[in-house]
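Trainee: Following this message is one structure expressed as C-alpha cells.
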Amino acid sequence: MHPHEPHHPHSAGPPPEHPTQQPDRTSPPRNDTAPPSPWDRPDPRTGGFPAQGNPAQPQANPYPPAPGYYPPSAPPPPPQQRPRGLMPWDRPARHPWEIPLLIVVIMVTTVAYLLALLLMTVELFTDPVVDEKGVEQTSSLVTSPYVLLLLFAPVLLWAGRGLNLATQRVNGVKMSPTQFPEGYRMVQEAAARFGMHKAPDAYVVLGNGQINAFATGHGFRRFVVVYSDLFEIGGAAREPDGLAFIIGHEVGHIAAGHVSYWRQLGMFVAPWLPVLGSSLIRAQEYTADNHGFCFRPHGASTAMATLAAGKYLNTDVGVDEMADRAALDRGGFIWLVNAMASHPVLTWRMWALRDRSRPGPLFWRPSAPHPGMIPPPGGYPLNSTSPALPPKTV
C-alpha cells in the first residue's frame, strides 16, 4: 500500500563468500499430454531471464543465480532485439506507459495547484460580497476542503510520510541479522541487485491474516514493510522464493523512485482522477513486478498463488490455469474493475509474469499468440503438491 537519532540503513554490500544455495524444488506430477509450463523454465530467447552483463563488457555477478537458472554451460546469449518494455541489460525496465501517464498526472496536478492558488489570491484581494441586507457573505470556495487540501498538500504529505515511518519504527520489528535474518538478507541482496547505494530499512508488522507488503519513505529514509503472515514461527519464510519476489517488488518501488516525496507531490490528485490515476499506479506495479522478476524469477508463480489463495492454499492454485483466464474472461465490467483498480487484476498480472515477450496489459485483456492454446491440449495438470510444512529452507 517512524524520537531517537535515526539509524542509517546498512549498505547493500555483497553477500558472504559462500551464499546459501536454493535447494531443488520437487515439481508436482504433470499430465504427460500437457505442454510444459512456462513457469518451470521460460525460454531465454523471450528475455524472461535477465542477463547478468553484456558479453562485450563482462561484469562479475555477486549474486549468482540458483542451480538450473541458466543452462549448465553459460548464460544465454543476448537476443538480437530485446523484448519490448522488459529488461535492459542487468536492470529491470519501466512499464512503457508509466512515464507518459506520470507526465499527464503531474500536469493535471499542477493545474489543480495553480487553480487553488488563484482562488486564494482572488479571495484575498477582492472586496467581500455583501447581500441585500448588508450582511457580509462568509462562504467562499477557498474554505472548500478540496481547495484547502491542495493548498496544504506539501505539508500534509510531508507530515503523513513522517507519521507513517514513525508508526513502523515504534510498532514494527526491524529486520536485522538477528531478527528475521532471512528477510533481511533478501532486502540487502535486492538492493545490491538493483544498483542501490544503500539498502532500505525493513520492518515486519502484524498482518492479522493479511498477505501484504508496501514500500514508502520520509526525508532521505526509505523502508519496506512486510506483513507477518508471510513468515512462519521462527522467522523463516514459508515460501522463500515467493517472499524474495515480493521483497524484490517492494525494493523495486524504491529503486524506481516511486516513493519519492516530489513524485508523490506531483501525483497528489491521482486518487481523484478516475482511470487515469489508477492506470498510472498499475503501470508502477508492473514496473515493480519487473524488479521482483529480475531478482527472483522462479518466485513469481509462488507469490501470485499466495496473493490469490493465501499462504496455506497456494499450492492448490494452478497458476497456468488461472493466468489463461486473462485471455478468456471478457466483458465491460471486467474492463472497468481493472481500470479502476490500483493493482493489475491477478489474472492479467499472472499472464504478464509468465509471458515476458511484452509489457503487462494495462487497458486491454491479453490474447493467446496462437489459437487453440487455451486450454492446452490434454488439459491442465492436477495440482497435488503438499504444503510446505515445516517451512522450506533457503
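Trainee: Let's test the formula: R0 of 41 Å, r as the Cβ-Cβ distance of TRP272 and TYR380. What FRET efficiency results, to the nearest 0.05?
Mentor: Working from the Cβ atoms, E equals 0.45.
Trainee: Given 0.36 nm per residue, what is the gain on full extension from LYS198 to MET373 after removing their alpha carbon distance, in nm? Walk me through the numbers before you get to the answer.
Mentor: Details: separation 175, 0.36 × 175 = 63.00 nm, distance 4.49 nm.
Between LYS198 and MET373, full extension yields 58.5 nm more.
Trainee: May I pose another question? If neighbour count is taken as other Cβ atoms inside 10 Å, put HIS291, HIS258, HIS343 in order from fewest to most.
Mentor: So the residues, fewest neighbours to most, are HIS343, HIS258, HIS291.
Trainee: Enumerate the calculated ³J(HN,Hα) couplings along the stretch 182-199 in order (Karplus 6.51 cos²θ - 1.76 cosθ + 1.60, θ = phi - 60°), each rounded to whole Hz, writing x wherever the residue is Gly or Pro.
Mentor: Taking θ as phi minus 60°, the curve returns 5, x, 4, 5, 5, 5, 4, 5, 5, 4, 5, 4, 8, x, 7, 6, 9, 7 Hz for the stretch 182-199.
Trainee: Using DSSP to define loop residues, name the trypsin sites (Lys or Arg not before Pro) in the stretch 304-356 whose beta-carbon has at most 13 other beta-carbon atoms within 10 Å. Provide the component values of the computation, followed by the final result.
Mentor: Working: sites: LYS311, ARG325, ARG330, ARG349, ARG354, ARG356; in loops: LYS311, ARG330, ARG356.
Passing sites in the stretch 304-356 are ARG330.
Trainee: Further question: Please compute the length gained on full extension between TRP364 and ILE103, using 0.36 nm multiplied by the number of residues separating them and subtracting their Cα-Cα distance.
Mentor: Result for the pair: 91.8 nm of gain on full extension.
Trainee: Now for a separate question. Residue by residue, what Karplus-based ³J(HN,Hα) values in Hz, rounded to whole numbers, does the stretch 289-299 have, using 6.51, -1.76 and 1.60 with θ = phi - 60° and x for Gly and Pro?
Mentor: Ordered by residue, 3J(HN,Hα) equals 5, 4, 5, x, 5, 5, 7, 9, x, 6, x Hz.
Trainee: Same structure, new question: What distance in nm lies between label points placed 7 Å from Cα along the C-beta direction at MET340 and ARG91?
Mentor: 3.8 nm
Trainee: Using 0.36 nm per residue, how much length does the chain from LEU118 to LYS174 gain when fully extended, once their Cα-Cα distance is taken away?
Mentor: Here the answer is 15.6 nm.
Trainee: For every other residue with a beta carbon closer than 15 angstrom to the beta carbon of GLN168, add +1 if it is Lys or Arg and -1 if Asp or Glu, then tell me the sum.
Mentor: Values: positive: ARG161, ARG169, LYS174, ARG221, ARG222; negative: ASP201, GLU250.
Neighbourhood net charge equals +3.
Trainee: Right, another one. Hey, with R₀ at 30 Å, roughly what FRET efficiency would PHE333 and VAL111 work out to, going by the Cβ-Cβ distance, to 0.05?
Mentor: Values: r = 32 Å, r/R0 = 1.05.
Taking R0 as 30 Å, the efficiency between PHE333 and VAL111 is 0.45.
All of the numbers you see were taken from the coordinates with simple rules; none came from a lab. Note that the coordinates shown come from a computational prediction; the quantities given were computed from them, not determined experimentally. Counting neighbours? That spans all protein chains shown, and the Cβs are built from the backbone with ideal geometry, glycine included.
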